[in-house]
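Chemist: Below you will find the structure I want to go over with you.
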Amino acid sequence: MNMYYSLLLIAFCLSVWGIVTLNALIRARASVDESRSEIALLLKRRFDLIPGAATVLKTHINDEALEGLLQVRNAAVYTSPLDIAAQAQASAAMSDALRKVMDLAVPDSDAQEKNNVKESLAALEKVEVNLQTGCKVYNNAVGKYNLLCESFPSNLIAHLFHFTKKNLFTVTSLQ
């Protein structure tokens, strides 16, 4: 009888551990998904700002740089939001194109145009800073999630319930 209670206690403890570990994995995955959604919103905001900025900047920079920015933007818009690697690559290309445009955007006309260009560039820079912060939050959440998925003994539960490792999101800075 004593052996029966011991086995029952062990089974109970393993069940509690499994439930706690599964809940930790679910919370970590939800955190990754939430921060990924934030990055998607920031990328959409950046994509939406590009045409307006292009309109303001078209008199101050050459058509080739502006056309390059719009092509990169259009390609990035159609990147799958579920493909982190493709989103990161599109984001890096967008950052490079924006950096080139910002380097060329030096208005030499009236104060109102200078103000419009500054406001347009400031809005883009603000989104870029928020995107950098969002990427840090996402990568931190992915690091915690991946650690749970790869470390023993939680990797047993992760494998059993098909939790897979997530990719980090990298974006280059405009500075």
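The values are calculated or read from the model by the stated rules, or taken from the named source; none is laboratory data. This one's a predicted model, so the numbers in the text were calculated from it and none came from an experiment. Virtual Cβ from ideal backbone geometry, glycine too; neighbours counted across all protein chains shown.
Chemist: Phe161: more than 26 Å from Met94 (Cα to Cα), more than 12 Å from the chain's Cα centre (by Cα) and free of Cβ contacts under 8 Å to residues at least 24 places away in the same chain, yes or no?
Modeler: When the stated conditions are applied, Phe161 does not pass them.
Chemist: When only residues in region 35-61 that are free of Cβ contacts under 8 Å to residues at least 12 places away in the same chain and assigned to a helix (DSSP H, G or I) count, which is nearest to Val77 (Cα to Cα)?
Modeler: Checking each candidate, the answer is Lys44.
Chemist: State the number of residues belonging to region 90-103 that are at pLDDT below 75 and either within 18 Å of the chain's Cα centre (by Cα) or surrounded by fewer than 15 Cβ atoms within 10 Å (Cβ to Cβ) (or both).
Modeler: Total satisfying the criteria: 1.
Chemist: Next question, about the same structure. In the list Ala75, Ala65, Ala53, which residue meets the criterion of being modelled with pLDDT of 80 or more and of a type in the set (A, V, I, L, M)?
Modeler: Unique residue meeting the criteria: Ala75.
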